[in-house]
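The values are calculated or read from the model by the stated rules, or taken from the named source; none is laboratory data. As the structure is a computational prediction, the values presented were derived from the model and not from experiment. Quick reminder, even Gly has a Cβ in these numbers, built from the backbone with ideal geometry, and neighbours come from all protein chains shown.
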Amino acid sequence: MLIVIGLKDMRNENGVGKIKILNLYSGIGGNRKLWTPEGNEHEITAIEINPEIAEIYQYFFPNDKVIIADAHQFLLEHFEEYDFIWSSPPCPTHSRLNFLNNNKGEQGQEPKYPDMRLYEEIIFLKYWFKGKWVVENVVSYYPYLIEPFRYNSHYFWSNFYIGNSKDTKRYIREHLSELEMSDEYKNIKIKNKEQIINNAVKPETGLYIFNAAFKIKQNTVGDFLSPKGESLIAINQN
Ligand SMILES: C[S@@+](CC[C@H](N)C(=O)[O-])C[C@H]1O[C@@H](n2cnc3c(N)ncnc32)[C@H](O)[C@@H]1O
């Protein structure tokens, strides 16, 4: 479903009108970085609980509305106001790496329940939200409870086709060095800078998902796997 708000809407080069987007658990906006090459093609609201991280996001995306709030509660109260919702709930309690480290006692952490806000949001969006939505998370240490797409080492649950790709290393180093080189990055002063960047979705992955939601022609032909792991060549559905 392509949503166009009013006849006067600007059409960008992909023929998509201005979209009202809710970017939940926005971090510094890795997923969102390539959605607006001009900076303001869409109307984006970002929700982030950490004020320092929210400030960095706002610095990167001055045209976005940034709200410091609990994304889980915000979703419940405001979902109907948007056309497209992206959610990246916290992943530490689902992550294979944390699970292994904790089991080895390396981080000295107590056992934790997996944070079920992840599945709460998937079910909520699936049954209540009429627009396009995607929930992103890590590949979990336990078998998924609802089948996701598995793309570039993330799990994605959505109401549009994404496809499955071979796992990658999430491009963490590549990602870091790209940002470390930029002037924007050098101006950022925050503790755990590496961790915060590490949490970011690779911008190209964020763009791929966005384009898949609105059936924008993708430029890349990937080496995809079917959900059962058989290799197949596919182009995003057009
Ligand atoms: C995995 S990161 C998001 C990465 C982001 N999607 C990107 O691509 O850059 C998760 C973010 O959620 C934030 N966060 C954690 N709990 C939150 C909550 N209850 N409400 C809003 N933000 C929250 C964290 O501070 C962190 O920045």
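Give me the residue from the stretch 28-44 that is of a type in the set (Val, Ile, Thr) and more than 13 Å from the chain's Cα centre (by Cα) and, out of that set, nearest to ILE67 (Cα to Cα).
By that ranking, first place goes to ILE44.
Pull out all pairs, ordered by first then second residue, where Cβ-Cβ is under 7 Å, the residues are six or more apart or on different chains, the first lies in the stretch 194-210 and is in contact (Cβ under 8 Å) with a residue 40 or more places away in the chain and under 13 Å from SER26 (Cβ atoms), and the second is aliphatic (A, V, I, L, M) and surrounded by fewer than 18 Cβ atoms within 10 Å (Cβ to Cβ).
Sorted first by the residue in the stretch 194-210, then by its partner, the pairs are ILE196/ILE190; GLY206/LEU34.
Looking only at the stretch 44-92, count every residue that is away from the ligand (no atom under 13 Å from the Cβ) and hydroxyl-bearing (Ser, Thr, Tyr) and tell me the total.
Result for the stretch 44-92: 2.
Just to be sure I understand, how many residues within the stretch 106-152 are among the charged types (D, E, K, R) and crowded, with 16+ Cβ neighbours inside 10 Å?
Qualifying residue count, the stretch 106-152: 6.
Can you run down the residue pairs with Cβ atoms below 9 Å, 6 or more apart or on separate chains, where the first is in the stretch 61-89 and in a helix (DSSP H, G or I) and the partner is hydroxyl-bearing (Ser, Thr, Tyr) and near the ligand (Cβ under 8 Å from one of its atoms)?
ALA71/TYR25; ALA71/SER26; ALA71/SER88; HIS72/TYR25
Out of curiosity, is PHE60 within 25 Å of PRO203 (Cβ to Cβ), of a type outside the set (Lys, Arg), in contact with a Gly (Cβ under 8 Å, 6 or more places away or on another chain) and at pLDDT below 95?
The answer is yes for PHE60.
Looking at (1) modelled with pLDDT under 75; (2) closer than 25 Å to ALA54 by Cβ; (3) surrounded by 14 or more Cβ atoms within 10 Å (Cβ to Cβ), can you tell me which one ASN102 breaks?
The one condition ASN102 does not meet is (2).
Taking TYR185 as the residue in question, decide whether it is modelled with pLDDT under 80, of a type outside the set (A, V, I, L, M, F, W, C) and at positive phi.
So TYR185 does not fit the description; no.
Can you confirm whether the stretch 119-138 contains a residue that is closer than 22 Å to PRO92 by Cα and of a type in the set (Lys, Arg)?
No.
Could you list, in sequence order, the residues of the stretch 197-238 that are in contact with a Gly (Cβ under 7 Å, 6 or more places away or on another chain) and modelled with pLDDT of 75 or more?
Result: ASN199, ALA200, VAL201, LYS202, PRO203, GLY206.
Confirm whether SER153 is modelled with pLDDT of 75 or more, of a type in the set (Ser, Thr, Tyr), on the phi < 0 side of the Ramachandran plot and out of contact with any helix residue (DSSP H, G or I) (no Cβ under 7 Å at 6 or more places or on another chain).
Considered against the rule, which asks whether it is modelled with pLDDT of 75 or more, of a type in the set (Ser, Thr, Tyr), on the phi < 0 side of the Ramachandran plot and out of contact with any helix residue (DSSP H, G or I) (no Cβ under 7 Å at 6 or more places or on another chain), SER153 comes out as no.
Could you run through the stretch 17-47 and say how many residues are closer than 19 Å to PHE214 by Cα, assigned to a loop (DSSP other than H, G, I, E, B) and polar (S, T, N, Q)?
Qualifying residue count, the stretch 17-47: 3.
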